[in-house]
Each structure stands twice: as structure tokens, then as C-alpha cells.
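The values are calculated or read from the model by the stated rules, or taken from the named source; none is laboratory data. Remember, predicted model here, so these are calculated numbers, not experimental data. Cβ placement follows ideal geometry from the backbone for every residue including glycine, while neighbour counts extend to all protein chains displayed.
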Amino acid sequence: MRLLITGARGLVGYHVSFQALQKKHAIFLTSRGPDPIPEALYRPADLTRKEEVQDLIEWAQPEVVIHSAAMTLVDRCQEQPTLCWQHNVQATHHILQALIDKGAKAHVIFVSTDFVYDGYPIEQRPYIEGDYEAPLSVYGASKLAAEALVKNYPGRWAIARTALVYGTAPTLERDNILLRVLYKLQAGNVLPLYADQIRTPTWVNDLAQGLLLLAEKQAQGLYHIAGADIETPYSLGQKIARTWGLREDLVYATTMEELQPTAPRPAYSPLSVQKAKALGYTPHPTEEVLKQLCKEL
């Protein structure tokens, strides 16, 4: 299978690329900056530039496109909505249009977010595919707008909504909750984490496995590809501290009202993964993941 993976230097893109390489898929990578995996074919591109995207599709001739590139810093998106829209919506439009110009033969898999929800489900249960979307932030709105473009793509498509992705990769240029907890606590600093934000944190290896599963099964439609357990950032931070033998008291519970983030977040956005499990998706329990990462790091 010929795979074009965008955002290959990011946490998700790197792990999808690495797993695809191990499975002997023909992979073509794009991102900004140097080649993240020398064994793979790589071409840097600015996805906000239509001509560069057209050249990229012509170069890769993909059977599947896994589009993980995005502007994901939620507060920065709120501060710079035009830039956010360029990277999350316009870039997606350029990819889809270039594929349509080639006959829309490629399967498009788009990585989205739990932040398309407002945190007020009709029933107090994890969100399922098809539940009403009402993003609170510019970031969530940009991803939902990009989803709408994907749904109008005339070829095969799948949307993978995920949440609070964590892990490590050699190409990382920004942190995630795992690394943030480790950096802060190892330096002896306190770290406030939301205790009033309920989500399904997702190990990046599980997400990568899920995205490749969608590709290999030629899945069509909307899927939640998230973690096995419901956590708050605070409860996850405490588990990270406990696993690494660091001071749990340095992680303290705070609220969104207290910290007043630039961008509003849903207070409740756990994702049900039952639909994805029917395809064979098997996320690992949080504590099992953390113990494995502790040994590796």
C-alpha cells in the first residue's frame, strides 16, 4: 500500500510512519524541516500552498493519505484564528482538491479531535459517532470545518477523532502531557492540571495502530480512535508521577475557571471506541502504557 503521511515530524505522524515502515508499506512522508525517518521517502512541503500540495500528490501517487498535520495548540489557535484556519482547513482543502484532480482514487484518513464537542451530551456517557457537535474553541471549529470538507470528498474517506495524545518521539518540537509532567516534576516544580476536564487520553502508539487499521480495512466514515480509560489531566498526571516514582504532591488539581485558559475547553469529552473495536482496534489500559514507557525511557 502506498501511504502519504502528512505531519511526519509530529508525534502522531512519526509513529504512524514508523509503524507503516515496519509493516513494509511503501511510505511517502511530508512535513516541515528535516527528514524524520531516513529509511522513508520524504519531501518537505507547506500544505497551505496549493502548488506545493499538488506537487506532493503528483510525487507520492498515494493510495492512502493519512493527514495528521495540523495546528493543535488550542490557545494559540484562539489567538491566531486566521493562521489556525490556514493550517487546519485550507491545507485540508488543498489536499482533497489535489486528490480530486487526480480522480479521487486515494483513501483519505483525517485526524480530528474530541474538541468538536461542547461537553454537554444528551446522555452522561462517552460520546459516540453521530453525537451532536458544537465546538467551543477556534481549534475545535477548524477541525469540524475540515471534517466537513472530508465528508464531501467523492472518494473513500475516514475521520479519526482522538483526544489528549501522549508519548514521545525523536522529532518532537513540542511537549505533551506525559513529557510536561516528567520535565516539571524531575525539576522539582509544581504543575497545575485540570481536575474538571474529563477525557480519554490516548497513547500515540495506539492511535497510530488505529489509523493504519482504518487504512488497511479501507474503512469509511467517522471513528473514535482514543484511549481505553476515562481520565482527567490531573488523574493522568498523578499516575505518571506514581509510575516514575516522582512526587505526586507536585501535581495539583486546578480548574478551568481558576486558570482561565485563552480558549474554552469542553468539561466532558470522553470518546467511546466501541465502533473502532469492531474493526480490531485494541487500546491499552493507561497504567499498562505508563509502565511500559517508564521502562523504555
- Message: Out of the residues in the stretch 53-73 meeting the condition of being more than 30 Å from MET256 (Cβ to Cβ) and touching a helix residue (DSSP H, G or I) at 6+ places or on another chain (Cβ under 7 Å), tell me which one is surrounded by the most Cβ atoms within 10 Å (Cβ to Cβ).
- Response: ILE66
- Message: For the stretch 74-125, which positions are farther than 24 Å from ARG2 by Cα, surrounded by 24 or more Cβ atoms within 10 Å (Cβ to Cβ) and of a type in the set (A, V, I, L, M, F, W, C)?
- Response: CYS77, CYS84, PHE115, VAL116
- Answer with yes or no whether ALA278 is closer than 25 Å to HIS67 by Cβ and under 17 Å from the mean Cα position of the chain (by Cα). no
- Item | Residue satisfying all of: in the stretch 32-63; among the β-branched types (Val, Ile, Thr) and either part of a helix (DSSP H, G or I) or over 20 Å from the mean Cα position of the chain (by Cα) (or both); farthest from VAL16 (Cα to Cα) among these | VAL53
- Query: Of the residues in the stretch 205-256, how many are in a helix (DSSP H, G or I) and not aliphatic (A, V, I, L, M)?
  - Reply: 16
- Query: Taking the stretch 99-137 only, how many residues are of a type in the set (A, V, I, L, M), within 20 Å of TYR268 (Cβ to Cβ) and assigned to a helix (DSSP H, G or I)?
  - Reply: 1
- Query: Can you pull out the residues in the stretch 168-204 that are in a helix (DSSP H, G or I) and farther than 30 Å from ILE109 by Cα?
  - Reply: VAL181, LEU182, TYR183, LYS184, LEU185, GLN186
- Query: Which residue pairs have Cβ atoms closer than 7 Å, lie 6 or more positions apart in sequence or on different chains, and pair a first residue in the stretch 222-239 that is in contact (Cβ under 8 Å) with a residue 60 or more places away in the chain with a second residue that is assigned to a strand (DSSP E or B) and hydroxyl-bearing (Ser, Thr, Tyr)?
  - Reply: ILE225/THR162; ALA226/THR162; ALA226/THR202; GLY227/THR202; PRO233/TYR194
- Is it the case that LEU179 is in contact (Cβ under 8 Å) with a residue 24 or more places away in the chain and hydrophobic (A, V, I, L, M, F, W, C)? no
- Being at pLDDT 95 or above and charged (D, E, K, R) is the filter here, so list the residues in the stretch 83-104 that pass it. ASP101
- Message: Just the residues that are out of contact with any strand residue (DSSP E or B) (no Cβ under 6 Å at 6 or more places or on another chain), hydrophobic (A, V, I, L, M, F, W, C) and touching a residue at least 24 places away in the same chain (Cβ under 8 Å), please, taken from the stretch 57-84.
- Response: ILE57, TRP59, ALA70, MET71, LEU73, VAL74, CYS77, CYS84
- Note on the structure: Scanning the stretch 257-281 for residues that are of a type in the set (A, V, I, L, M, F, W, C) and outside any helix (DSSP H, G or I), the one farthest from LEU214 (Cα to Cα) turns out to be ALA263
- Here is a list of conditions, (1) out of contact with any Lys or Arg (no Cβ under 7 Å at 6 or more places or on another chain); (2) in a loop (DSSP other than H, G, I, E, B), and ILE66 meets all of them except one; can you say which number that is? (2)
- Task: With respect to GLU147, determine if the residue is surrounded by fewer than 17 Cβ atoms within 10 Å (Cβ to Cβ) and touching a strand residue (DSSP E or B) at 6+ places or on another chain (Cβ under 6 Å).
- Result: no
